[in-house]
1. Which residue out of Leu78, Leu67, Leu118, Leu57 is at pLDDT 85 or above and among the hydrophobic types (A, V, I, L, M, F, W, C)?
2. Do we find that His156 is under 23 Å from Glu41 (Cα atoms) and part of a strand (DSSP E or B) in this structure?
3. Are there any pairs with C-beta distances below 7 angstrom linking a residue in the stretch 136-148 that is closer than 16 Å to Pro117 by Cα and not assigned by TED's automatic domain parsing to the domain that holds Pro94 to a residue that is outside any strand (DSSP E or B) and among the aromatic types (Phe, Trp, Tyr), with the two at least 6 apart or on different chains, and if so which?
4. Filter the stretch 137-184 for residues that are in contact with a helix residue (DSSP H, G or I) (Cβ under 9 Å, 6 or more places away or on another chain) and basic (Lys, Arg) and give the result.
5. Got a sec? Which of Val381, Val369 is assigned by TED's automatic domain parsing to the domain that holds Ala438, at pLDDT 90 or above and crowded, with 18+ Cβ neighbours inside 10 Å?
6. So the check is Cβ under 9 Å with 6+ separation or different chains; which pairs have a first residue in the stretch 356-385 that's on the phi > 0 side of the Ramachandran plot and a second one that's surrounded by fewer than 18 Cβ atoms within 10 Å (Cβ to Cβ) and of a type outside the set (Val, Ile, Thr)?
7. Name the residues in the stretch 339-358 that are farther than 16 Å from Gly322 by Cβ and buried (at least 18 other Cβ atoms within 10 Å of the Cβ), would you?
8. Could you please find all residues in the stretch 136-178 being aliphatic (A, V, I, L, M) and in contact with a Ser or Thr (Cβ under 8 Å, 6 or more places away or on another chain)?
Amino acid sequence: MNWAPRSLALRATLLLGAVACAVTGALGAYFYFTARTAIAEHVDTQLIGRVEHFRRLVGNVQTLTDLRDRPLLFESMLGAESDVLLLRRPGDAPFINVNPAGLPVPAALVAAPADRPLNAHDVLSLPMADGVPMHWVAAQALAGSDGAHIEVLAAHPLTNEMRMIESNRDRVLAGAIVSMLASTLLAWLVLRHGLRPLRALADKASEIHPINLAMRLPERDAPREIQQMVVAFNAMLERIATGYERLSQFSADLAHEIRTPIGILVGQTQVALHKARSVDEYQRVLESNLEELNRLRQIAENILFLAQVDHASLAIDRAPLGLAAELHKIAEYFEGLADEAGLRFEVSASGSAMVNAPLCRRAINNLVVNAVRYGAPGTTVRLVGLQTPEAAVIAVENEGPPVALEQLGRLFDRFYQGDAARSRPTESHGLGLAIVKAIMVLHGGQALATSPTPGLIRFELRFPAVAATAVADGASAAPRRDLQDAVTG
């Protein structure tokens, strides 16, 4: 469609003009040929009626001499000066000869029998030297005097009729052209008026910019044909606004997270350089700086992992993982950390899950670290694993500060921490639960946060059933090495 004009109104106008041209031309041609046929049929009817009239006249006269003596009568009864009328005996010269132009009788002309009335099939049409058609009719008649066979021949040139037909043709052609131009102009005006809502929407859309993403296109005022497009455009704006807001918050939170360790590194280094220090003092400064550098490295690795998950179409290897053995192993690993926080573990698990083991362990570890960090001292962290026909579920529960219902849905956002968490110093970067959600997206599962009772928070990982993941793995490729390295690292 490179040849088509870029303007939708102009394109539609040209198409409507072509349609109007075709329809008007077809109607003009129909009326033209209909009028031409009607005129020819009218001429044939008159010509047949004339021959029938002379057949009766021949049958009523007493002698043929009466016909010969009144040739002017026959001339006055013709329709035009160029008409032909011949009366003759078969094989003889005409005794009535009205033929101003001296036209020869066509050899193909056959006279109808005297006992049969004439019809349209008896008319013979032949062109004259100037191309004008000449209609001939011949019929036999019985003379009233002696019953002799007389041939009546009549002809009529369609000179005046063709002139009228050509005049009508020119008027039809001119009318078709004027109608086509008028239809095209009206179509252009109607389309310009009909496309005004699109121009209004375009003007409204031009007012939307990053600072004013809350503006939406009016859906109720939009025509029905483009209302669905407006709804989809507003939904797209909603997603863009949400993404832009999260990106802005992400940038602010990232700057906040890295500002603290960088400030510590700068401050400690400036203090150490303020005066000469002993080797032990320099070593303590370097050890402290190393901790902050490791913190920055962990933030960078987590962000890199999330970026790889967001921007790559990844396929992961899956294998059955026993839930009971895995959860007991994780509880043993974090038992020392839990003792320091005054917590204990309780494991209740059975069945297996079809997962990528390193990714699954990382997700569970993040949930356990989160539970230990925010669990109330003297409470129990419960690790639950169960297998159902629809999914394999791993849950981590802990008791701690109550979490508002509106905050539960944001716990998996990057750098998001609840108010209770921000009220005390932690080693969290706000990326642990975001990584959990990203891992579940790779598995085609869900990560959920609920609060069954006030002060109790439950994180659930729902992995798809074995049959569903087996079908997905059969059509997927090998995982990317850089993601696997990031996971195991």
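The values are calculated or read from the model by the stated rules, or taken from the named source; none is laboratory data. On a predicted model such as this, the values are computed, not experimentally measured, just so you know. With ideal geometry, Cβ positions are generated from the backbone for all residues, glycine too; neighbour counts draw on all protein chains shown.
1. Numbers: Leu78 fails: at pLDDT 85 or above; Leu67 fails: at pLDDT 85 or above; Leu57 fails: at pLDDT 85 or above.
Just one listed residue meets the conditions, Leu118.
2. Details: under 23 Å from Glu41 (Cα atoms): yes; part of a strand (DSSP E or B): yes.
It is true that His156 is under 23 Å from Glu41 (Cα atoms) and part of a strand (DSSP E or B).
3. none
4. Arg169, the sole residue that qualifies.
5. Values: Val369 fails: crowded, with 18+ Cβ neighbours inside 10 Å.
Only one candidate passes the filter, namely Val381.
6. Pairs found: Gly378/Gly342; Gly378/Arg344.
7. Kept after step one, since they are farther than 16 Å from Gly322 by Cβ, are these residues of the stretch 339-358: 339-346.
Listed by number, the residues that qualify are Ala341, Leu343, Phe345.
8. Just the residues of the stretch 136-178 that are aliphatic (A, V, I, L, M), to begin with: 137-139, 141-143, 148, 150, 152-155, 158, 162, 164-165, 172-174, 176-178.
Once the filter is applied, which keeps residues that are aliphatic (A, V, I, L, M) and in contact with a Ser or Thr (Cβ under 8 Å, 6 or more places away or on another chain), the stretch 136-178 yields only Ala176.
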